[in-house]
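The values are calculated or read from the model by the stated rules, or taken from the named source; none is laboratory data. Bear in mind that the values here come from a model prediction, so they are computed numbers and not experimental data. Please note: Cβ atoms are built from the backbone with ideal geometry, for glycine as well, and neighbour counts cover all protein chains shown. These area figures cover heavy atoms from the full protein model, side chains too; ligands, DNA and RNA do not enter into them. Shrake-Rupley method; radii C 1.70, N 1.55, O 1.52, S 1.80 Å.
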Amino acid sequence: MPETPRCQYPAMSPPVAVELTESPEHPCNYLPGRMARTRAFYARRMPGDLYHQLMNASFRRSGLVVYQPVCSGCRQCLPIRVPIATFQASKSQRRCLRRNTDLAITIGKPIATDEKYDLYHRYMTQWHQSQADHDREGFESFLYASPVDTLEFCYRDPAGVLIGVGICDLCSHSLSSVYFYHDPSARQRGLGVYSALKEIEFARTAGISYYYLGYWVDGCQTMQYKADYRPCEILHPDGQWRPSIGNAGQTGQYFPIK
């Protein structure tokens, strides 16, 4: 079993007093052979600016549960964000934008429908090869229950067929990507990249300062794409946001891992 790195920093405290429930240890979803632990609280409703502060303390939400990784001795789950004012799309990202100019985009309040559930189910079973039972209730509680103001970006092809849906949390300072699911048969479009670029474009038009992409985990291949939106910043275990230098894998230089 790989040795778990040791970090001198404790988990960051939430910005407000709240009762946190800690989970039992369980296998890490990001780094094979590691054990993970989270602490969390339930929130039916909270101001967007408070959630922004929570993200700046390494918290994220899943449905109505707001959680923070607190794995023993490990601080590899690092929040990552893009400063909107300085973001510049790469050549490949600009090609992706041009490739999808035929899509129609609507932005509005998230609403769970049969059409969206069918798309989500196909995405999970075909794209992720997931054999879990992705029932309608779980779909709605995961993506359509939110304690903060949330937007839904829907992408349709020229025939009007829904091929992608992005969920984002909105506050005055940040737009936070929650989840994106899409038609597995539209692989050539690069919809994951396209949706992130359109969300950044929305944030820029709305005068929002930062686009949050969740956690970046050094050593987890499925997380590496998040560092492709540059320049980006990483929240380090000492509570400071610092620019990523080139490949985000270099960010480890900023804090000691023992």
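A few notes on this one:
- Top-ranked residue in the range 79-91 [being touching a residue at least 12 places away in the same chain (Cβ under 8 Å) and farther than 17 Å from SER177 by Cβ; ranked as least open to solvent (accessible area, probe 1.4 Å)]: SER90
- Checked across the range 150-167, the condition of being out of contact with any Gly (no Cβ under 9 Å at 6 or more places or on another chain), small (Gly, Ala, Ser) and part of a loop (DSSP other than H, G, I, E, B) holds for at least one residue.
- Enumeration of residues in the range 13-41 that are within 19 Å of the chain's Cα centre (by Cα) and either hydroxyl-bearing (Ser, Thr, Tyr) or open to solvent by 40 Å² or more (accessible area, probe 1.4 Å) (or both): ASN29, TYR30, ARG37, THR38, ARG39
- The set of residues in the range 129-149 being part of a loop (DSSP other than H, G, I, E, B), under 28 Å from HIS173 (Cβ atoms) and either open to solvent by 70 Å² or more (accessible area, probe 1.4 Å) or not aliphatic (A, V, I, L, M) (or both) consists of TYR144, SER146, PRO147, ASP149.
- Residue check for LEU50: open to solvent by 20 Å² or more (accessible area, probe 1.4 Å) and within 17 Å of SER174 (Cβ to Cβ): yes
- Residue in the range 95-103 that is of a type outside the set (Lys, Arg), within 18 Å of the chain's Cα centre (by Cα) and surrounded by 20 or more Cβ atoms within 10 Å (Cβ to Cβ) present: no
- Of the candidates ALA112, ALA145, the single residue that is in contact (Cβ under 8 Å) with a residue 40 or more places away in the chain, closer than 30 Å to LEU50 by Cα and among the hydrophobic types (A, V, I, L, M, F, W, C) is ALA145.
- Flag: GLN93 does not match the condition of being among the polar types (S, T, N, Q), over 22 Å from TYR229 (Cα atoms) and at pLDDT 95 or above.
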